[in-house]
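Only one structure is covered here, and it is reproduced in the block below.
All of the numbers you see were taken from the coordinates with simple rules; none came from a lab. Please read all numbers here as calculations on a predicted model, not as lab measurements. Virtual Cβ from ideal backbone geometry, glycine too; neighbours counted across all protein chains shown.
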Amino acid sequence: MARSQLSVKHLLGIKELQVSDIEIIFQTAAQFKTVLERSIKKVPSLKEITVVNLFFESSTRTRVSFELAAKRLSAELINFSASTSSVKKGETLLDTVQNILAMKVDVVVIRHPSPGAPHFLSTRIPAIIINAGDGAHEHPTQALLDCFTLQQKFGTLKGLKVAIIGDILHSRVALSNIWALTKLGAQVRLCGPSTLLPPYIESLGVTTSYELMDTLQWCDVANVLRIQHERQKGNYLPSLREYHQYFGITPEVLEKVRHPITILHPGPINRGVEISSEVADGPHSLILDQVLNGVAIRMAVLYLLAANPS
């Protein structure tokens, strides 16, 4: 496979990417998606590369997706869990990574609860760093797979009206999606309770709304986010029942909208809270497409950064 050059050495966030970088990632992911649909779903592109999944927060979907991506590229893979490591004994992040690098690791895929942790590592160790989520800051591969999924459906994101609905304040997915969608020419509106919309967020080139129905009448796509209980340090909502009443996406709500809306969700889904099972599993949902596209996007990122790095 021919390889184009990205303008970055690491994938730390969407903000650092140029539009041309995103286009290269999408083109490469489209080629890898054809590999995933073959009977033999493996290529030897990274057979000399060692990748470590370094997860300091619980994760299933993202970790497994990166694991599959590395294995499909024939890379050597090490899965690291902080809950069973020397981190529990007080070892620092830098010490942990340096010990792993002593094993000659080429790529570090890191998820960490502290915003900026991937950026910190990128300035202190020689390995390629891929941000798999840093606190409530960014989740770049999720935004890339979301936008890739929309590009595959609509052909282009220019002029597409995308609503991001839910807990914007605590969501790393929301911020990365804002950067990616606006770079690619989409119109973005954020919708949720006033307590979960960050102040000054409109300075990023988006609009905001507290009215779900008005937002759904406006948008072509609804990217529905869950309530991030694990990152909340306060009472932002009276109850989940009330949240569902005012912001839950249900068939009854969608029946009132004048046009069909494409549904995305980064997972995990809180069924019956932000979205009903009927909508999540319905004909306008691209949630399972996101899962497959997530492996293709992560294959593309690993390949573009690790194959013959500059």
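For LYS71, give me every one of the aspartates and glutamates with a C-alpha distance below 14 angstrom, ignoring sequence neighbours fewer than eight places off in its own chain.
GLU48
Go through LYS42/LYS153; LYS42/LYS183; LYS33/LYS256; LYS41/LYS161 and tell me which ones have a Cα-Cα distance over 30 Å in this structure.
Details: LYS42/LYS153 25 Å; LYS42/LYS183 32 Å; LYS33/LYS256 36 Å; LYS41/LYS161 35 Å.
With Cα atoms farther than 30 Å apart: LYS42/LYS183; LYS33/LYS256; LYS41/LYS161.
Taking every pair of alpha-carbon atoms in segment 257-310, give the share separated by more than 18 Å as a whole percent.
Values: 692 of 1431 pairs.
Result: 48 percent of Cα pairs exceed 18 Å.
Given H placed 1.01 Å from N in the peptide plane, which residues other than close sequence neighbours of THR208 have an amide H under 5 Å from its amide H?
When sequence neighbours closer than 5 places are left aside, the close amide H contacts are LEU190.
Given a Förster distance of 30 angstrom, what is the FRET efficiency for GLN152 paired with GLN5, based on the Cβ-Cβ distance and rounded to 0.05? The partial results should precede the final answer.
Values: r = 24 Å, r/R0 = 0.80.
Computed FRET efficiency for GLN152 and GLN5 comes out at 0.80.
Using a Gaussian network for the chain with springs between C-alpha atoms less than 10 Å apart, which of these wobbles most: LEU181, LEU160, LEU254?
In this elastic network of the chain, the residue with the biggest mean-square fluctuation among LEU181, LEU160, LEU254 is LEU254.
Filter the trypsin sites (Lys or Arg not before Pro) in segment 134-237 down to the DSSP loop ones having no more than 16 other Cβ atoms within 10 Å, then list what survives.
On the way: sites: LYS153, LYS158, LYS161, ARG172, LYS183, ARG189, ARG226, ARG231, LYS233; in loops: LYS158, ARG226, LYS233.
Here the sparse-neighbourhood loop sites are LYS158, LYS233.
Just need the Rg to Rh number for segment 140-290, please, alpha carbons only, Kirkwood Rh.
On the way: Rg = 14.0 Å, Rh = 15.2 Å.
Looking at segment 140-290, the ratio lands at 0.92.
Assuming a ≥ b ≥ c are the square roots of the Cα gyration tensor eigenvalues, decide whether segment 129-177 counts as rounded (a/c under 1.5), prolate (otherwise, with a/b larger than b/c) or oblate. Provide the component values of the computation, followed by the final result.
Working: a/c = 3.31, a/b = 1.48, b/c = 2.24.
Since a/c reaches 1.5 but b/c is at least a/b, the shape of segment 129-177 is classed as oblate.
Out of residues 5 or more away from PHE55 or on other chains, whose amide H comes under 5 Å of its own, with H placed 1.01 Å from N in the peptide plane?
Result for PHE55 returns PHE80, ALA82, ARG111.
Of the trypsin sites (Lys or Arg not before Pro) in segment 1-58, which ones lie in a loop per DSSP and count no more than 10 other C-beta atoms within 10 Å? Walk me through the numbers before you get to the answer.
Working: sites: ARG3, LYS9, LYS15, LYS33, ARG38, LYS41, LYS42, LYS47; in loops: ARG3, LYS9, LYS15, ARG38, LYS41, LYS42, LYS47.
Sparse-neighbourhood loop trypsin sites (Lys or Arg not before Pro): ARG38.
What fraction, in whole percent, of alpha-carbon pairs in segment 66-206 exceed 24 Å separation? Walk me through the numbers before you get to the answer.
Values: 4255 of 9870 pairs.
Value for segment 66-206: 43 percent of Cα pairs lie more than 24 Å apart.
How long is the gain from ASN99 to GLU76 if the chain were fully straight, where each residue apart is worth 0.36 nm and the alpha carbon distance is subtracted? Each step should come with its number before you reach the end.
Working: separation 23, 0.36 × 23 = 8.28 nm, distance 1.71 nm.
That works out to 6.6 nm of additional length.
Please report the spacing between the Cα centers of segment 39-64 and segment 185-204 in Å, no decimals.
Result: 33 Å between the Cα centres.
Non-local amide H neighbours of LEU160 (under 5 Å, H modeled in plane, Pro and chain starts lacking H): which ones?
Close amide H contacts, sequence-distant or interchain: GLN187.
Taking the Cα-to-Cβ direction at GLU37 and at VAL273 and moving 7 Å from each Cα, how far apart do the two end points lie in nm?
The answer from the label model is 3.5 nm.
Please work out how much length the chain gains when fully extended from MET213 to LYS161, using 0.36 nm per residue of separation minus the C-alpha to C-alpha distance, in nm with one decimal. Numbers along the way, then the final one.
Details: separation 52, 0.36 × 52 = 18.72 nm, distance 1.46 nm.
Stretched out fully, the MET213 to LYS161 stretch lengthens by 17.3 nm.
Sort the following peptides by mean Cβ neighbour count (other Cβ atoms within 10 Å, averaged over residues), highest first: 207-214, 140-147.
140-147, 207-214
For the chain, build the charge dipole from Cβ charges (+1 Lys, Arg; -1 Asp, Glu) around the Cα centre, then report which of MET103, LEU264, LEU288 sits farthest towards its positive end.
It is MET103.
Hey, if you put +1 on the Cβ of every Lys and Arg and -1 on every Asp and Glu Cβ in segment 136-243, which of HIS170, LEU196, GLN217 ends up farthest toward the positive end of that dipole?
Of the options given, the answer is HIS170.
Percent relative contact order of the chain, based on C-alpha pairs within less than 8 angstrom and at least six residues apart? If you can, show how the numbers build up before the last one.
Numbers: 557 pairs, mean separation 65.0, N = 310.
Normalised by residue count, the contact order of the chain is 21 percent.
Whole number please: convex hull volume per residue, Cα atoms of the chain, in Å³. Please report the intermediate quantities before stating the final value.
Details: hull volume 41.8 nm³, N = 310.
Normalising the Cα hull of the chain by residue number yields 135 Å³.
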